[in-house]
1. Would you look at the GNM of the chain, springs on alpha carbons closer than 10 Å, and say which of P56, P193, P154 moves the most?
2. So in the chain, what percent of DSSP beta bridges are antiparallel if you round to the nearest 5?
3. Pop out the ³J(HN,Hα) list for region 239-254 in order, Karplus 6.51 cos²θ - 1.76 cosθ + 1.60 with θ = phi - 60°, rounded to Hz; leave Gly and Pro as x.
4. Only helical DSSP H runs with n ≥ 4 go in: add -39500 (n - 2.57) per run for the chain, normalise by residue count and round the 222 nm mean residue ellipticity to 500 deg cm²/dmol.
5. Does anything in region 87-121 have its amide N under 15 Å from the 7 Å Cα→Cβ label point of S409, and if so which residues?
6. With labels modelled as points extended 7 Å from the Cα through the Cβ direction, what inter-label distance (nm, one decimal) is found for D146 paired with E220?
7. What is the gain in length, in nm to one decimal, between Y127 and Q335 on full extension, counting 0.36 nm per residue of separation less the C-alpha to C-alpha distance?
8. If you roll a 1.4 Å probe over region 357-397 with all protein chains in place, what percent of the accessible area is carbon or sulfur?
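The values are calculated or read from the model by the stated rules, or taken from the named source; none is laboratory data. The shown structure was predicted, so the numbers you read here are calculated from the model rather than taken from an experiment. Neighbour counts run over all protein chains shown; Cβ positions are idealised from the backbone, glycine included. Please note that ligands, DNA and RNA were not included when accessible areas were found on the heavy atoms of the full protein model with its side chains. Shrake-Rupley method; radii C 1.70, N 1.55, O 1.52, S 1.80 Å.
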Amino acid sequence: MTQEPVIVIGAGVIGISIALELQRKGNSVRVLDRKGVAAEASAGNAGAFAFAEIEPLAKPGIMRRAPKWLLDPLGPLSIPPAYALKIAPWMLRFWQASSLDRYEQSVGNQAALMEHSRAALDRQIAYVDGEAMMQRDGQMQLYESDAEFRDSLPSWELRRRNGVAFDLLESPEAIAEIQPGLSPRFTHAGYTPGWMNTTDPKRWVQHLAQVFEGLGGTIERQDVRALEVTGERLRVVSRDGSTECSQVIVAAGAWSHQLATTVGDNIPLETERGYNTTLPEGAFDLRTHLTFPAHGFVASRINGGVRIGGAVELGGLKLPPNYKRADVLLQMASQFLPGLNTDGGTQWMGFRPSLPDSLPVIGRSSKSAGLVYAFGHGHLGLTQSAGTAELISAIVEGQTPAIPLDPFSANRF
Ligand SMILES: Cc1cc2nc3c(=O)[nH]c(=O)nc-3n(C[C@H](O)[C@H](O)[C@H](O)COP(=O)(O)OP(=O)(O)OC[C@H]3O[C@@H](n4cnc5c(N)ncnc54)[C@H](O)[C@@H]3O)c2cc1C
């Protein structure tokens, strides 16, 4: 237990979960964020606790398929020409991570983190009395042909081997028993009943933050510019001043590498920008989380409405959003869900913080034992937030973490 406050930079789902867990263990904690609670990726994501998604994006054969997707500028994967050169080094690492042996290692490490995160989430929900914000409705991945379904079977086998429970559905009628109103083009599906979603990811983080503040934690508006290491101590330099301390956690999402660079840690964090449209209550009677893998998007229920979103745009942190992507996803959704009322939607773009091997960084900086990193959760930050929080807390407390952390080291690149 530390008396001096631990400083957590970032009030997204990762930073707030860490702050809450450190506080639960008896630490005094200050959270710093330049925009406030859940202001970036954690605000508008699909709200899924996707424990079944253990496969990294970097998988064998992905680089053969990618050029076909890239030909469609509004397709599920895109690289704006203005960012193509900048992303090249990350793409090279991504390609290296897609070799069979690296892929198999990533699957094992991701599965271990998922299993730990599922149990940690149960503990977090109980601690913050959050069950009312959970929807335990499962998830369905939809396929449009026998061939597409058969192509998906190795991924289902992988899930089976890693303890994920599911049912395979082989007719539109079987699909309609779980989700009526889908286009008959969907002939096959895989259904994971254990999947769950939050009713609203932003409100979930706000709820965690309220519990944290209610128990004496502080969340301050500060734009952190740099970190400095002086012997055993750290200095957090913000726009309006600086603070000395001995423990800092960087959980600044897609901007975290900018802070790591200031102490000399070069971590290949990029952003996969994603888009969505949230439709108001009554847009569609969505009974489970729907995933359309061939089209790179999902439909989830948010506050009684429907959120349609996904896509991966490797466009960095500065280019303006291209909301045509959200339009295209909504158009596709209205074909797939013929009764969908597309009126009154709100569009959003968010920055997924992504490392080339689809695993986050959870571990100490090589420059200072007091500086700890927790970022790069890509498509799975909400899913892995409670698990990450317990692991970071174990590091700060000098305890043995629940899973080995070498695969998540900041020095693995
Ligand atoms: C379209 C889309 C759908 C998604 N769906 C899901 C899903 O269903 N399930 C799932 O698990 N994940 C999903 N994700 C991914 C998930 O949203 C992210 O992995 C997660 O939100 C990352 O959380 P974070 O706390 O690391 O980052 P963020 O939520 O981005 O928070 C980082 C915080 O750090 C602050 N910050 C940054 N730099 C500084 C600085 N220098 N000084 C002070 N503050 C700073 C920012 O203001 C921000 O508040 C989705 C993402 C997108 C884009």
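1. Taking springs between Cα atoms under 10 Å, the residue moving most is P154.
2. Once the DSSP bridges in the chain are tallied, antiparallel ones form about 75 percent.
3. 4, 9, x, 9, 10, 9, 6, 10, 9, 10, 10, 9, 10, 9, x, 5
4. Result for the chain, helices only: -10500 deg cm²/dmol.
5. none
6. 6.6
7. Computed gain between Y127 and Q335 is 70.7 nm.
8. 44
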